[in-house]
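J.: Take this structure first; my questions come after.
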Amino acid sequence: MAMRLAADHVRVSVPATAGNLGPGFDALGMALGLVDDLEVRAVASSSVTVAIEGEGASSLPRDESHLVVQALRAALDHVGASQTGLEIRAVNRIPHGRGLGSSAAAVVAGIVAARALIAEPEALPAAEVLTLANAFEGHPDNAAPAIYGGATVAWKDASGVHARPLVVADEIETAVLVPGSTLPTKEARAVLPAKVPHVDAAFNVGRAALLVNSLAGRPEDLFAATEDKLHQNYRVDVLGPASAMVRALRERGLAAVVSGAGPSVLVLGTGLAEAGLDTGRLDWADGVGGDRWHCIHTRERVPGATGARL
């Protein structure tokens, strides 16, 4: 018997995310204080309509090819629920093409919407949401924090994909510097080598372990813990303004890394507003790397995706 839908109107919120966090390539990630909101209605027809406000309003599809719709339908199929017509209203705040997990957010939003619609939401626990999201994304370092919130570590093995929340001390803040320019993830990944020196791999293992310890309550080690030799140096030529911004911030002693595939820049630490990294336009940063920058500063842990019936 097909699982029935128990609601016809749900609301979903899902955060932006930063993948890698420097040395934790394709493994570590963190939810950021910028959220996309969606309302989804199940309608008694086969039609799909998508209304979009904010990011992507002029470029995203408004039919079955929309990533939220694809993920929602995949989740309904996964639990054996009947398909339905959809009316979706999306308020997008996560910038696209900036290394802030906008695609992962859309996928997770669709799956969480399906979970809120079905009669037995327990059929889609967080671990199952991650498995379904990974089928779309392939790299769970963004999907995991979008689902669980806070910081996470994700990995794959023969049984599938997994994630665990990491401890993050209350005093640790994040600031994300977002440029006006964009960088497709495929382009950023295309420049990475198939092999890296053993000494560089060992370097990153140590730094990733140190980063986990630093997040748990040793912020004084974050600068060293965010050093990386696996991906950022190889991407210098395509990252453009991000490389210049990371260099400028680290010269000031701030733990700055490229957010995901870039070109946004993530800073981890304490007292970031006092360091000139508060939410809004950053006049001092304009021109760094030949770009214009604005900042998203978050002091508290960011929760993962939520879905509620209306």
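J.: Sort out which residues of segment 171-200 are touching a residue at least 12 places away in the same chain (Cβ under 8 Å), among the basic types (K, R) and more than 23 Å from M245 (Cα to Cα), and write them in order of number.
T.: none
J.: A follow-up question, please. Do the conditions hold for A255, that is, is it under 20 Å from the mean Cα position of the chain (by Cα), farther than 22 Å from P95 by Cα and touching a residue at least 12 places away in the same chain (Cβ under 8 Å)?
T.: Taking the combined requirement at face value, the residue satisfies it.
J.: Let me ask something else about it. If I filter segment 119-135 down to residues being farther than 17 Å from A305 by Cα and not acidic (D, E), which single residue comes out as nearest to the chain's Cα centre (by Cα)?
T.: A135
J.: Another question, then. Please specify each residue of segment 199-218 satisfying the condition of being touching a Ser or Thr at 6+ places or on another chain (Cβ under 7 Å) and either of a type in the set (D, E, K, R) or open to solvent by 30 Å² or more (accessible area, probe 1.4 Å) (or both).
T.: none
J.: Looking at K195, is it more than 21 Å from I172 (Cα to Cα) and loosely packed, with under 14 Cβ neighbours inside 10 Å?
T.: yes
J.: Let me ask something else about it. If a residue must be modelled with pLDDT of 95 or more and in contact with a Pro (Cβ under 6 Å, 6 or more places away or on another chain), how many such residues does segment 238-266 contain?
T.: 0
J.: Moving on to the next point. Count, please, the residues in segment 94-135 that happen to be closer than 15 Å to L32 by Cα and among the hydroxyl-bearing types (S, T, Y).
T.: 2
J.: Has segment 163-182 got at least one residue that is touching a helix residue (DSSP H, G or I) at 6+ places or on another chain (Cβ under 7 Å), open to solvent by 10 Å² or more (accessible area, probe 1.4 Å) and assigned to a strand (DSSP E or B)?
T.: Yes, some residue in segment 163-182 is touching a helix residue (DSSP H, G or I) at 6+ places or on another chain (Cβ under 7 Å), open to solvent by 10 Å² or more (accessible area, probe 1.4 Å) and assigned to a strand (DSSP E or B).
J.: Name the residue that is most open to solvent (accessible area, probe 1.4 Å), counting only residues in segment 267-290 that are at pLDDT below 90 and closer than 22 Å to S102 by Cα.
T.: R281
J.: In addition: Could you list, ordered by first residue, the pairs with Cβ atoms under 9 Å in which the first is in segment 272-284 and more than 16 Å from I172 (Cα to Cα) and the second is open to solvent by less than 30 Å² (accessible area, probe 1.4 Å) and of a type in the set (F, W, Y), at least 6 apart or interchain?
T.: Pairs that qualify, where the first residue is more than 16 Å from I172 (Cα to Cα) and the partner is open to solvent by less than 30 Å² (accessible area, probe 1.4 Å) and of a type in the set (F, W, Y), are R281/W293; L282/W293.
J.: State yes or no: is L211 touching a strand residue (DSSP E or B) at 6+ places or on another chain (Cβ under 8 Å) and not in a helix (DSSP H, G or I)?
T.: no
J.: Something else now. Please enumerate the residues belonging to segment 147-170 that are touching a residue at least 40 places away in the same chain (Cβ under 8 Å), among the β-branched types (V, I, T) and touching a Pro at 6+ places or on another chain (Cβ under 8 Å).
T.: T152
J.: Sticking with this structure for a sec: Out of the residues in segment 219-228 that are of a type in the set (D, E, K, R) and without any contact (Cβ under 8 Å) to a residue 40 or more places away in the chain, which is surrounded by the most Cβ atoms within 10 Å (Cβ to Cβ)?
T.: The selected residue is D221.
J.: Would you please name the residue that is farthest from the chain's Cα centre (by Cα), looking only at residues in segment 190-206 that are β-branched (V, I, T) and either part of a loop (DSSP other than H, G, I, E, B) or at positive phi (or both)?
T.: V196
The values are calculated or read from the model by the stated rules, or taken from the named source; none is laboratory data. Computed from a predicted structure; not experimentally measured. Cβ coordinates were reconstructed from backbone atoms using ideal geometry, including for glycine residues, and neighbour counts include every protein chain displayed. To get the accessible areas, we keep the full protein, side chains included, count just its heavy atoms, and leave off ligands, DNA and RNA. Shrake-Rupley method; radii C 1.70, N 1.55, O 1.52, S 1.80 Å.
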